[in-house]
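This report refers to the structure that appears directly beneath it.
The values are calculated or read from the model by the stated rules, or taken from the named source; none is laboratory data. Remember, predicted model here, so these are calculated numbers, not experimental data. A quick note on method: Cβ atoms are made from the backbone with ideal geometry, for glycine too, and the neighbour counts reach across all protein chains shown. To get the accessible areas, we keep the full protein, side chains included, count just its heavy atoms, and leave off ligands, DNA and RNA. Shrake-Rupley method; radii C 1.70, N 1.55, O 1.52, S 1.80 Å.
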Amino acid sequence: MPASPGGRPPSGRPSATARPSRTEPPAPPSRSHRPSPPRSRQRKQKALLTVDFTRFPLAAGDRVLDLGCGAGRHAFECYRRGARVVALDRNAEEIREVAKWFAAMEEAGEAPAGATATAMEGDALALPFPDDSFDVVIISEVMEHIHDDKGVLAEMVRVLKPGGRIAVTVPRYGPEKICWALSDAYHEVEGGHIRIYRADELLRKMREAGLRPYGTHHAHALHSPYWWLKCAFGVDNDQALPVKAYHQLLVWDIMKKPLATRVAERALNPLIGKSFVAYATKPHAPSLGEEFTEAAAAAQ
């Protein structure tokens, strides 16, 4: 299972000296550097997804950009669903690992015929793609690290095709505010979080970038208490008994997916979900006829 990515510095460049992500769910401990069996790997990766693909459907052959892909969890799911995936990050070490996982998935037959996957280094503020290159863009737990978030949104809109879809996930305001209150070390690190988004602020910035939001939700409620415990006992103190015990609970939940915790998390997500998720589309440019009609209406 890919480990959670480390913090990303304000420029959008992921830190090469990775601390655990302050937003993504903690991954189960790995006992080996070799890829786990396909079924085990799929179960772990699906449990850690923040984007809900029932609300954000992909079609086979969709060209997908996972921007700031980190350890690649969303890129892997898109590849598994038959997309043509580009996983991009500034962290060379993580990109090498993602490329290895793509190769292991191909060898194991986890992706359908026609699906492709590429892992590459790149800058979120200067994407190396032509305009209108992708059907889908995903940016998960990245924008809170980047000073020029409007610039990143502009680049995503530029490379997204008209009619294309975008998913943006960030730490939710309430749970994140508690983490900041409990621990300065949680966010005052190189590449750490530099802002806490309110939902209406993120949606406003998406609209200003030319997107049309169409849905939102929250995710990972069971992970909020874990990070509160981490902040209370020390973000680098993994040996504190409450932290270890809760981590074991999360690993058990990820591996077994019992009905009780699934129901509990669905009920708690609206209240303490760790992540806020927003979906939007890029409108088609108006035709000449539509522009003439709008201009005529405005003149009346």
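Among the numbered conditions (1) surrounded by fewer than 18 Cβ atoms within 10 Å (Cβ to Cβ); (2) in a loop (DSSP other than H, G, I, E, B); (3) under 23 Å from the mean Cα position of the chain (by Cα), the only one that residue 286 does not meet is (3).
Taking interchain pairs and intrachain pairs at least six residues apart, which have beta carbon atoms under 7 angstrom, with the first residue in region 194-217 and open to solvent by less than 40 Å² (accessible area, probe 1.4 Å) and the second of a type in the set (Asp, Glu)? Matching pairs, first to second residue: 196/176; 197/144; 205/149; 217/52. Residue check, residue 99 against (1) in contact (Cβ under 8 Å) with a residue 40 or more places away in the chain; (2) out of contact with any helix residue (DSSP H, G or I) (no Cβ under 8 Å at 6 or more places or on another chain); (3) among the small types (Gly, Ala, Ser), all met but one. Which one? Result: residue 99 passes all but (1).
In this structure, residue 27 qualifies as modelled with pLDDT under 95, small (Gly, Ala, Ser) and buried (at least 19 other Cβ atoms within 10 Å of the Cβ). If you go through region 95-121 and pick out every residue that is closer than 16 Å to residue 65 by Cα, surrounded by 20 or more Cβ atoms within 10 Å (Cβ to Cβ) and of a type outside the set (Phe, Trp, Tyr), you end up with 5. Within the set 226, 186, the sole residue that is open to solvent by 10 Å² or more (accessible area, probe 1.4 Å) and not small (Gly, Ala, Ser) turns out to be 226.
Taking the numbered list (1) in a helix (DSSP H, G or I); (2) under 20 Å from residue 174 (Cα atoms) in turn, residue 251 passes all entries but (2). Among residues of region 49-87 being more than 20 Å from residue 145 (Cα to Cα) and in a strand (DSSP E or B), the one that is most open to solvent (accessible area, probe 1.4 Å) is 84.
Scanning region 239-274 for residues that are among the charged types (D, E, K, R) and open to solvent by 90 Å² or more (accessible area, probe 1.4 Å) yields a count of 3. Taking first residues from region 56-79 that are more than 21 Å from residue 143 (Cβ to Cβ) and of a type in the set (D, E, K, R) and partners that are part of a loop (DSSP other than H, G, I, E, B) and open to solvent by 10 Å² or more (accessible area, probe 1.4 Å), the Cβ contacts under 7 Å between residues at least 6 apart in sequence or on separate chains come to 63/133. In region 164-171 there is at least one residue that is in contact with a Ser or Thr (Cβ under 6 Å, 6 or more places away or on another chain), open to solvent by 10 Å² or more (accessible area, probe 1.4 Å) and at negative phi.
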